[in-house]
Structure formats: C-alpha cells, structure tokens
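The values are calculated or read from the model by the stated rules, or taken from the named source; none is laboratory data. Because the structure is predicted, anything quoted here is derived from the model rather than measured. Here the Cβ positions follow ideal geometry from the backbone for every residue, glycine too, while neighbour counts run over all protein chains shown. Ligands, DNA and RNA are stripped out before the accessible areas are found, and what is left, the full protein with its side chains, is counted by its heavy atoms. Shrake-Rupley method; radii C 1.70, N 1.55, O 1.52, S 1.80 Å.
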Amino acid sequence: MHLFSRADRAADAALVDGLALDDEQAAVAFVRRFQAPVYGLALSVTRDPALAEDVSQEVFVRAWRAAASYDIRRASVLTWLLTITRNAAIDAVRMRRSTPTADDALEQMLAATMHPAEPEEMALQHLESDRAMARLRELPPEQARAVALAVIGGCTALEVSRHEGIPLGTAKTRIRTGLRRVRAELGADHD
C-alpha cells in the first residue's frame, strides 16, 4: 500500500500541468505540497484561522482554474500560488470590513484632519497621533486627502478614486506617495 503517489514526487510545474488536465492525483499532491505555505500566508493577512481556511480553499480553486495559463518563465509555482493567496486574502478581508463611512462624515473627518485642532483637543490626543497628523498636514492637499480617506476612512483605492473624482491610478499614486512621505518624516523624527 502506497500512501503517496508518483505525483507526490513530481516537479512543481508538472503538478500544475496535471491540475490543468484535471489529474486527480496531481491535484491531491499539489494541495498536499502547498497547503502549509498557502494557509500560513492567508492567516498572516486575515488574522482569522477560520477565514484563512476559507481563503486557502478558494486559492486552490483559483489555481485549478488558472493552471492552464501558468507560465514557468514568469514565476515559480510557489510565487504564483502565494500571489493568488495574497490577493484572495486581501479580498476576503475587504469583504468582511464594515462599510465605509458616509460621504458627509468623510468630509467632516477630512476637514478636521486638514485644519489644526484646538489646543484642548490636541492635549487629549496621543503624541504619536499628533505627529502623524502634523506630517499629514505637510503633504500636498490632494495626497493628504487620499491618505486620510484610505487610512482613517478605511477606503480602498477605488473608493478614494470615486470619492475624489480621479482616475484609479492617480488615487493609488497619491496614497502610496503620501504614505511614503509620512513614514519617512515619522522615521526621521525617531532618529
């Protein structure tokens, strides 16, 4: 009696080829070989064991559907599979996130973020929060708004794009550039 098939000894790319051909032994060997890293990454992103299990299952379904288009020249099987895992885990977390704040509440939050707070309010805020807000105010207004919507408002780049009436790529650039500048300034404060 053999507990493992010949597929268990096959190369990673050969297992993907077997998936594309609906080879059951290749599919079992593929899942057996990659279940630990897939689940580990899903858990690190979701921070929820039950959700990580669901994500892992979805990842293997997505891999099976995409197996025919896998190109070994672009990435190793593990890299390809972990990219699928990361995307699926992020999608799952976003689906579970509460709905974004209403537009009027977002505008109030943006106004409060962009204008210095009263001294009494500043005394109540945590020192790190004050420093982060100060750095945020130093950004160009369009970057500060995008960062505030994404970080404080919990909006995705697509939601920032729609809220601000800008292309998705512009929203992503503003968020990324703004966050880099805030992080760099906060890091310089610690030095």
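Return yes when Glu142 is of a type in the set (Asp, Glu) and at pLDDT 65 or above and no when it is not. Against the criterion (of a type in the set (Asp, Glu) and at pLDDT 65 or above), Glu142 qualifies.
A quick yes/no check of all residues on (1) surrounded by 15 or more Cβ atoms within 10 Å (Cβ to Cβ); (2) among the acidic types (Asp, Glu); (3) modelled with pLDDT of 85 or more:
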| site | (1), (2), (3) |
| --- | --- |
| Thr85 | yes, no, yes |
| Thr99 | no, no, no |
| Gln108 | no, no, no |
| Thr113 | yes, no, no |
| Leu124 | no, no, no |
| Arg137 | no, no, no |
| Arg176 | yes, no, yes |
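Which ones in segment 8-26 are charged (D, E, K, R) and not in a loop (DSSP other than H, G, I, E, B)?
The first filter runs over segment 8-26 and keeps only residues charged (D, E, K, R), leaving 8-9, 12, 17, 22-24.
Answer for segment 8-26, where residues must be charged (D, E, K, R) and not in a loop (DSSP other than H, G, I, E, B): Asp8, Arg9, Asp12, Asp17, Glu24.
When the test is whether a residue is touching a Lys or Arg at 6+ places or on another chain (Cβ under 8 Å) and either of a type in the set (A, V, I, L, M, F, W, C) or modelled with pLDDT of 60 or more (or both), Val45 passes it.
Take segment 45-79 and flag every residue that is open to solvent by less than 40 Å² (accessible area, probe 1.4 Å) and assigned to a helix (DSSP H, G or I). Full working, then the answer.
Start the filter on segment 45-79 by keeping residues that are open to solvent by less than 40 Å² (accessible area, probe 1.4 Å), which leaves 46, 51-52, 55-56, 59-60, 63, 66-67, 70, 75, 77.
Once the filter is applied, which keeps residues that are open to solvent by less than 40 Å² (accessible area, probe 1.4 Å) and assigned to a helix (DSSP H, G or I), segment 45-79 yields Thr46, Leu51, Ala52, Val55, Ser56, Val59, Phe60, Ala63, Ala66, Ala67, Val77.
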